[in-house]
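Please see the structure below; I have some questions.
Read-outs throughout are calculated quantities, based only on the coordinates presented, and are distinct from any laboratory measurement. These numbers were taken from a predicted model, which means no experiment stands behind them. Note that each Cβ is placed from the backbone with ideal geometry, even for glycine, and that neighbours are counted across all protein chains shown.
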Amino acid sequence: MKWNPPILLLALGVLAGAPACSDPSSSGGEEQPRWVRTAKVEPLEPRAVQLSGIVRARSESPLAFRVGGRIAERRVDAGQVVSGGQALLELDPRDLEQAARVARADLDAAVAELETARAETRRNRGLLEREFISDQVFERVQLAENSARERVDAARARLEQAENALDYATLDAPAAGTLIEVTAEPGQVVAAGQTVATLALDGAREIEVFLPAAYGEPRTGRIVRGADGQPALFLREIAGAADPLTRTWTARYVLAEPAPALRLGSIVRVALDIAADSPAVFEVPIGAINERGQGPQVWMIFDGRAEPVPVTLLDLDTESARITGELPADAEVIALGTHLLEAGMAVRPLGD
């Protein structure tokens, strides 16, 4: 094959230029900083911490049948106001009725046996008086009568239990209140003691709050969002141990004055008064919170590099989050795109 000199020269030039194209130094291979948007950390009121709370009833009673069976009728729905003694659900009574009939028949049979034993005792007493039988024979007759009497007592107790079980086929409200939930449906088979509804009894309303360990046991506070005015709160009780998953303590706060507008289960914002030496609370954009299996963290810029900083997340809403951590009061955090960052990545704040 005969080579064309111009084509050969062009090919040699391309081969000669290939190494130069692959040389990072010739293309400016230095890492270019990623532009990021930052936001200033906002310290909150130093003597109060804001948390979310849930409106609860002072007493919430789980309801269950005392006997098992198939639900035949459901008379109420969740959210319904009920009065004390009102029927809520009913079981199919057929099996319970049959058990009561069997117990009643057992009692009748035991009574008949007792009457026979009594007659036998009377007859043998006359024989004993005429010395036709020995004392030992008469004692055996008396023992038979006593045994028959005990069988009557046992049969009567079983009949009473069967009749009670028949009464238990109807689940009544123990007191007036509001049904928070009703989980049972007609046709469902339930066991004795299985919760089928939850009743919030009428009376005082409370705010349930999950307290981080850093804030101890705030004794007072107020509702700052979700209620008319700012009703005062007072601590009534706090759990004796932390929740194993969230590591928070469940606390109940009572209202200083009744607030009828608070609906059960609604979310309110509370401000709890904490000690002066408690950790500072900061507010950051919700986009600044990032978690990668190592707990909540925010990203800050140190010497032009993005680095994660662990924090404690107190609560959040649709726009911002409240945190505590080793953050200076004038710190800035990366507010967006934190899921794209890597530790040590070169970044540059927008506006620099």
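Nearest 10 degrees, 0 to 90: what angle lies between the long axis of helix 94-129 and the longest principal axis of the chain (Cα atoms)?
30
Something else now. Roughly how many debye, to the nearest 20, is the charge dipole of the chain about its Cα centre, given +1 on each Lys and Arg Cβ, -1 on each Asp and Glu Cβ, and no other charges?
360
While we're looking at this one, here's another question. I'd like the orientation of helix 5-22 relative to the chain: the angle between its Cα long axis and the longest Cα principal axis, in ° from 0 to 90, rounded to 10.
Tilt of helix 5-22: around 60 degrees.
Just want to confirm a number: the relative contact order over the stretch 162-250, from Cα pairs under 8 angstrom separated by 6+ residues, in percent. Numbers along the way, then the final one.
Details: 77 pairs, mean separation 18.7, N = 89.
For the stretch 162-250, the relative contact order is 21 percent.
Sticking with this one: Given 0.36 nm per residue, what is the gain on full extension from HIS339 to ARG247 after removing their alpha carbon distance, in nm?
30.6 nm
Are there GluC sites (Glu not before Pro) in the stretch 109-172 that DSSP marks as loop and that have at most 13 other Cβ atoms within 10 Å, and which are they? Before the final figure, lay out the partial values.
Numbers: sites: GLU113, GLU115, GLU120, GLU129, GLU131, GLU139, GLU145, GLU150, GLU160, GLU163; in loops: GLU131.
Qualifying residues, ordered by number: GLU131.
Taking only Cα atoms and a 10 Å spring cutoff, compute GNM fluctuations for the chain and point out the largest among PRO279, PRO260, PRO43.
Of the options given, PRO260 has the highest mean-square fluctuation.
Then there is this: As I understand it, the dipole of the chain uses +1 on the Cβ of Lys and Arg and -1 on the Cβ of Asp and Glu, about the Cα centre. Which of PRO296, ILE133, LEU91 lies farthest toward its positive end?
LEU91
How high is the relative contact order of the chain, in percent, counting Cα pairs under 8 Å that sit 6 or more residues apart? Present the calculation step by step, with values, prior to reporting the outcome.
Details: 659 pairs, mean separation 91.7, N = 352.
Contact order relative to length: 26 percent.
Which of these values of volume of the Cα convex hull per residue in Å³ was calculated from the structure shown: (i) 200; (ii) 375; (iii) 180?
Entry (ii).
Please state the relative contact order of the stretch 94-167 as a whole percent: Cα pairs under 8 Å, 6+ residues apart? Before the final figure, lay out each step's value.
Numbers: 53 pairs, mean separation 39.2, N = 74.
Value for the stretch 94-167: 53 percent.
For the chain, with a Gaussian network of springs between Cα atoms less than 10 Å apart, report the residue from PRO258, PRO212, PRO244 with the top mean-square fluctuation.
Maximum among the listed residues: PRO244.
If r is the Cβ-Cβ distance from ALA144 to ARG104 and R0 is 25 Å, what FRET efficiency results, to the nearest 0.05?
Working from the Cβ atoms, E equals 0.55.
Quote the charge dipole size of the stretch 94-167 about the Cα centre in Debye, to the nearest 20; the model charges only the Cβ of Lys and Arg (+1) and of Asp and Glu (-1).
Roughly 200 debye for the stretch 94-167.
Can you pull out the GluC sites (Glu not before Pro) in the stretch 253-347 that DSSP calls coil and that have at most 16 other Cβ atoms within 10 Å?
Sparse-neighbourhood loop GluC sites (Glu not before Pro): GLU319, GLU326, GLU342.
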